1. Amide H neighbours of B:Gln156 under 5 Å, counting only residues 5+ apart in sequence or on other chains, H built in-plane at 1.01 Å?
2. Tell me, what is the FRET efficiency for A:Ala57 and B:Ala368 to the nearest 0.05, using R0 = 41 angstrom and their Cβ-Cβ distance as r?
3. Just grab the label-to-label distance for A:Asp496 and A:Leu256, each label 7 Å out from Cα along the Cβ direction, in nm (one decimal).
4. Defining a contact as two alpha carbons under 8 Å apart and six or more residues distant in sequence, what relative contact order in percent does chain B show?
5. Take peptide A:193-199, look around each residue's Cβ out to 10 angstrom, count Cβ atoms belonging to other protein chains, and average those counts.
6. What lysines could a cross-link reach from B:Lys492, if we take a straight Cα to Cα line under 19 Å and drop same-chain neighbours fewer than 8 places away?
7. Which lysines, if any, have their Cα less than 17 Å from the Cα of A:Lys355, not counting same-chain residues under 8 positions apart?
8. Taking amide H positions as placed in the peptide plane 1.01 Å from N, state which residues far from B:Ala247 in sequence (5 or more) or on other chains have amide H under 5 Å from it.
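The values are calculated or read from the model by the stated rules, or taken from the named source; none is laboratory data. Computed from a prediction, not measured in an experiment: that's the story for all the values here. Glycine gets a Cβ as well: all are built from the backbone with ideal geometry, and neighbour counts include every protein chain shown. SASA here: full protein model, heavy atoms, side chains in, ligands and nucleic acids out. Shrake-Rupley method; radii C 1.70, N 1.55, O 1.52, S 1.80 Å.
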Number of protein chains: 2
Amino acid sequence: MAAVFRSSFKLRASARLPAVRTLTTTSQLRAAEKPFFPNEPSAPQLSTAIPGPKNQAATAELKEAFDVRNLNMLCDYSNSIGNYIADLDGNKLLDLCSNCLHSRWLQQRPPSKGAASPEMVAALINRPALGNFPSADWARILKTGILKVAPKGMNQVFTAMAGSDANEIAYKAAFMYYRQQQRGGPEKEFSEEELQSTMVNKAPGSPDLSIMSFKGGFHGRLFGSLSTTRSKPIHKLDIPAFDWPQAPFPSLKYPLEEHVQENALEEQRCLQEAERLIKEWHNPVAAVIVEPIQSEGGDNHASPAFFQGLREITKRNNVLFIVDEVQTGVGATGKFWAHDHWNLETPPDMVTFSKKAQTAGYYFGNPALLPNKPYRQFNTWMGDPARALIFRGIIEEIERLSLVENTAATGDYLYAGLERLAQQYPEHVQNLRGKNQGTFIAWDTPKRDEMLAKAKSVGINIGGSGASAIRLRPMLIFQKHHADLLLERVEKLIKDL
Amino acid sequence: MAAVFRSSFKLRASARLPAVRTLTTTSQLRAAEKPFFPNEPSAPQLSTAIPGPKNQAATAELKEAFDVRNLNMLCDYSNSIGNYIADLDGNKLLDLCSNCLHSRWLQQRPPSKGAASPEMVAALINRPALGNFPSADWARILKTGILKVAPKGMNQVFTAMAGSDANEIAYKAAFMYYRQQQRGGPEKEFSEEELQSTMVNKAPGSPDLSIMSFKGGFHGRLFGSLSTTRSKPIHKLDIPAFDWPQAPFPSLKYPLEEHVQENALEEQRCLQEAERLIKEWHNPVAAVIVEPIQSEGGDNHASPAFFQGLREITKRNNVLFIVDEVQTGVGATGKFWAHDHWNLETPPDMVTFSKKAQTAGYYFGNPALLPNKPYRQFNTWMGDPARALIFRGIIEEIERLSLVENTAATGDYLYAGLERLAQQYPEHVQNLRGKNQGTFIAWDTPKRDEMLAKAKSVGINIGGSGASAIRLRPMLIFQKHHADLLLERVEKLIKDL
């Protein structure tokens, strides 16, 4: 099996397939590029069909105790390096799925600054209730890490565990703020009726307020966040949900430059409907949450003008504006935060983060968003100091290696290559999107699932989003020479369909 | 200030206050005891009033970026050792609050097995989506750690981030199971109506089902878990909640041996009402969740017979039985899991864990509880391999040092000492509870908040629960000589009131 497989498609740096013709000129660029990981393989390495025998056996073992039906592949992280992810059978795939996940690229940092530092060991064995018993260096960890990269206009953070609860605690802050305004300020006490009714989950203590999200949006899978998730039924089925509104998200036509007027009208329509819902929904809207790029929902983009309009609407109607940067944040779009692309006059009220930060929470700037009493926004752990240290390490590496600039430049290069593929194979590369958005690039293709299923056989680990999109989520250390390897393989996949 | 303070109450091993008289005989026991941490202080050490000047300055710094109103004290973990928690001013307090939190006592493990091991470093920098791209050793980490201590009747786990989401994913499993039964089995497909309605948060796709919890219960602060939390209004106010039922939790009278009949009737009353609610609540009950000891709600206990009855009721009515061991689990009650005290004929359907495990999730045994399709019970991280390794280290230390047995023995000793205090000071030590429940001990006292406020001044870090309880939550390494120090100081606090 392995032998047959090997002969059917074998890619080595020394024996490349004919590349997309137009790539020839870029080989010079590639040669001039200094690799972040000099000891990376020069190309994907395939030893067996995937999954190979060792991975199959290990998966069977894991299945005894853990749900493996979501499994993409079991990974051998000890043999993974840089942009290459290894399995147990010696295969090393170029990794287009992992930007939002592990931070393997920290492995080249000196141990004293890295994951084995004394500071880290202390954070691991002393996991306090951060709200009650933080370590004395928690302020410094925040200031030199999480808060150092706070979005413009924000200087405070509530830390959390993951994207879902980061969004939910932002919702909680929004509800508390909304009711506080209704009461007439933070010094106003709760009424006896509120104190009594909340214990039986009824208004006014547990009020029928809502968070508005957008069709196609994804904000998590816990009960509050899932009520704002609108990407796919499989996430939501059988789970009780709150009666909250969803606004339409613009459905843009591509190429953008050929549909300027039409797209502007579409965005206008969505904004109008969003404002109508805010004004009319029977459960008053305390906040609007939106992703800068709808990720799970299919890599759906909107223009800065749309988001500027949304910010205006939320201000006008006195509802909070939460930007969910769980997937888009930390450099992937060619800016540190994706909403930096919008040039807002007034910053968002809250910005949530997770994934590439390897820790989670929400930023804010307005002190009125601080709940008026202690223990209203609280939980035992409130995050993890060990993961906060990892985020700090990530930030240091991003700065040292200029990785946001790298992502912007690599993204432009990669996008140009995909534009050429779109010209050559228009039926297989449709609605190419993510121009000037770093490596946050996607396109639609009619045989998407077939392509994804074959991708590992040409040495790439790549994923989809929505119903028909292939989305790219490389690490921040993805460079132009990796883009070349990817473009060659995407073309190969298209030709083999 | 510090000088005044020092002279007002100074406790040193060499200059003890007159102890509770009955402790004299136990000094021999204490002497024979081998300390787990020989280099611990022999008694609390007080250098300044608390908070001292350094802690005050550091708290002011933290306040710039982080909500400090929940703060109990900033801790200097580098100078904390064993059962003693240090602040920046050189104070070292006997710690009765931290059992559910940090795992500082791992610090005596050799580095190769501890928080700086190569395995840990790998887990820290490779934080994959555990559902999609687990590391090849994830099965081994589970089997030698989390699953090694799985409750009786359970062999599978869904891992999570913290107690709140552990409970919520257990609820999700319960709702999916309930609807699957209604549909007629796992192979039945969702209807078109379900697929459509769930995207607008309506039944039947998002059904109006419920989870029943108990008055006084605490199960977390996210939207689903908060809907089952019924301990205090401050956790719930202003946050929308689901229309779910709460059953009464037994309000037992103490001492138990003097109110046998009365308490049995009270438990019977609560069980009857629980069953009535399950049968009649307008949003059908998919599962019941209960804590073995209501912790946040005031350390409320019920008898094994009550929980056996609850298990019978849930079976009879075909609803799932979830035991929330987030606070009670991992040894504190003198058994590894608190529900081990019940001797159930049929194990719970799911058991959730967090806190002392330093990682979270739910155990289960029945394969029918596995959702019928992938991506229904899923999130990006699904826990943290680094924290799973810490739990494994905790389990190894618990076994090596026989810490569950220690907790049981220390708990009995401590309880006996508190019984003596209750006899001496009946108005200050009321409703003493937690007999044979390890160190999970609490009592009511009319001037609770005043006592807690003064506790640090006698060298102990101690907390409350509910409206009037003082609760003990020492670490698993709390020994009889620590109990002596505690008893002396509790008596001192009572005398000074």
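1. For B:Gln156, the qualifying residues are B:Phe364.
2. The value I calculate is 0.95.
3. Using points 7 Å along Cα→Cβ, the separation is 3.3 nm.
4. Dividing the mean separation by the residue count of chain B yields 20 percent.
5. 5
6. Cross-link targets: B:Lys10, B:Lys92, B:Lys447, B:Lys454, B:Lys456, B:Lys480.
7. Within the straight-line cut-off, A:Lys355 pairs with A:Lys335.
8. Close amide H contacts, sequence-distant or interchain: B:Ser213, B:Phe214, B:Lys215.
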